[in-house]
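Each remark here refers to the structure printed beneath this line.
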Amino acid sequence: MNTTPTVPAPPAEPAGPPPSAKGTATRPGDKIFLGLSRGSGILLLTLMAAIAAFLTYRAYIAISENEANFLTSFEWNPQGEPVEFGIAILVYGTIVSSIIAMVIAVPIAVGIALFVSHYAPRRLAAPLAYVIDLLAAVPSIVYGLWGALVLVPYLGGMNKWLDQYLGWTYIFDKTGTGPARNLFTVGILLAVMILPVITNVTREVFLQSPKMHEEAALALGATRWEVIRMSVLPFGRSGIISASMLGLGRALGETMAVATVLSPSFLFSGHLLDPGGGTFAQNIAAKFNEADEFGRDALIASGLVLFVMTLLVNGAARLIIARRKEYSGANA
């Protein structure tokens, strides 16, 4: 006969409140946080819609009175007779200067990010990352003053060299005279400005690369460069593209630095070294104060185009991030 005493089972813990079928919050704190988060999102969308509606309305007033083609005209005379204004020069100057900035900034930013994240010793990497963060916080007008007082004078010799040895390419054929207040100088200045933005984002992406992949490659005898080429760069490819898109968004909308350096002109020239050109933000900043009510509507119409371009760039960056779940660092 079994005389082992029976141990009573521990009392069951009281069951908590059943989760909602739809995953909604049940506690008061969760409900408050959910309401604040949802309200913030709705407020942001409302503000964006209000800005878009305002720009569209004022742009329609200006474009309806325009006697030239708004998209293809090279004139900007909204206060004259007849009323003629277009954004062809502004589109050209904005895109060309941004492309120059991206071609210069992206390779340098990727190199700096790799050095900070995988090559530099920790005692050097931390101060260098801090300095890069400080560069991102420098005001635009400071970059503009540096560009006007330092970059423009010193690029005169470089422009002569490019004209002498690469003038056969047409784009580096300098036909005019004067200081280097051109789209090429603006592109270099924008490259310096967006370099910290691209570097910071790219560095964080590289730091999130899976350590197991890197250790496995090292265990197989790979060199440090082979580890970066086979593990780090493939993982961070979408992050590099997204960081580049964010830098491109800043380059497209930069105002004060470009206005300080560029010598504006609405005469089209495919020679990058010739003074002149214009961008959306620079044109708005330069002519807004002296414009009448209709002239401001014309400037707002050009601002609407810049608004759409920036939204498309940022939307493309978000789509690229969404296509690559590893960017979130879940597998790091």
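The values are calculated or read from the model by the stated rules, or taken from the named source; none is laboratory data. Keep in mind the model is a prediction, meaning the values are calculated, not measured. Glycine also receives a Cβ, built like all others from the backbone with ideal geometry; neighbour counts cover every protein chain displayed.
Quick look at the numbers
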item	result
Matching residues in the stretch 178-226 - criterion: being free of Cβ contacts under 8 Å to residues at least 24 places away in the same chain and more than 25 Å from Ile104 (Cα to Cα)	Met212, His213, Glu214, Glu215, Ala216, Ala217, Leu218, Ala219, Leu220, Gly221, Ala222, Thr223
Tabulated pairs, the stretch 96-121, first within 21 Å of Val186 (Cα to Cα), second part of a helix (DSSP H, G or I) and charged (D, E, K, R), C-beta under 6 angstrom, 6+ apart or interchain	none
Among residues of the stretch 67-87, those that are out of contact with any Asp or Glu (no Cβ under 7 Å at 6 or more places or on another chain) and surrounded by 18 or more Cβ atoms within 10 Å (Cβ to Cβ), counted	4
Qualifying residue in the stretch 168-178 (condition: in a helix (DSSP H, G or I), at pLDDT 85 or above and loosely packed, with under 15 Cβ neighbours inside 10 Å)	yes
Given (1) exposed (fewer than 13 other Cβ atoms within 10 Å of the Cβ); (2) more than 30 Å from Gly236 (Cβ to Cβ); (3) modelled with pLDDT under 90; (4) not charged (D, E, K, R), index of the condition Ala126 fails	(2)
Residues that are over 21 Å from Phe307 (Cβ atoms) and hydroxyl-bearing (Ser, Thr, Tyr), drawn from the stretch 31-87	Ser37, Ser40
Residue check for Ala59: crowded, with 19+ Cβ neighbours inside 10 Å, over 19 Å from Gly277 (Cβ atoms) and touching a helix residue (DSSP H, G or I) at 6+ places or on another chain (Cβ under 6 Å)	yes
Residues located in the stretch 274-306, provided they are touching a Ser or Thr at 6+ places or on another chain (Cβ under 6 Å) and either β-branched (Val, Ile, Thr) or in a helix (DSSP H, G or I) (or both)	Thr279, Phe280, Ala281, Ala285
Selection from the stretch 112-155 of residues that are among the hydroxyl-bearing types (Ser, Thr, Tyr) and in contact with a Lys or Arg (Cβ under 6 Å, 6 or more places away or on another chain)	Ser117
Test for Phe235: is it over 26 Å from Trp146 (Cα atoms), in contact with a helix residue (DSSP H, G or I) (Cβ under 8 Å, 6 or more places away or on another chain), in a helix (DSSP H, G or I) and not acidic (Asp, Glu)	yes
Qualifying residues in the stretch 286-326 (those that are at pLDDT below 80 and over 18 Å from the mean Cα position of the chain (by Cα)) - the one nearest to Gly86 (Cα to Cα)	Arg323
Near pairs, Cβ below 7 angstrom, 6+ apart or cross-chain, from the stretch 257-273 (assigned to a helix (DSSP H, G or I)) to any residue that is charged (D, E, K, R)	Val261/Arg181
Per-region count, the stretch 201-216, residues assigned to a helix (DSSP H, G or I) and either of a type in the set (A, V, I, L, M, F, W, C) or surrounded by fewer than 21 Cβ atoms within 10 Å (Cβ to Cβ) (or both)	11
Selected residue (only one of Ile320, Ile284, Ile300 is surrounded by 17 or more Cβ atoms within 10 Å (Cβ to Cβ) and without any contact (Cβ under 8 Å) to a residue 40 or more places away in the chain)	Ile284
Pairs, first β-branched (Val, Ile, Thr) in the stretch 142-153, second in a helix (DSSP H, G or I) and modelled with pLDDT of 90 or more, C-beta under 8 Å, six or more apart	Val152/Thr185; Val152/Val261
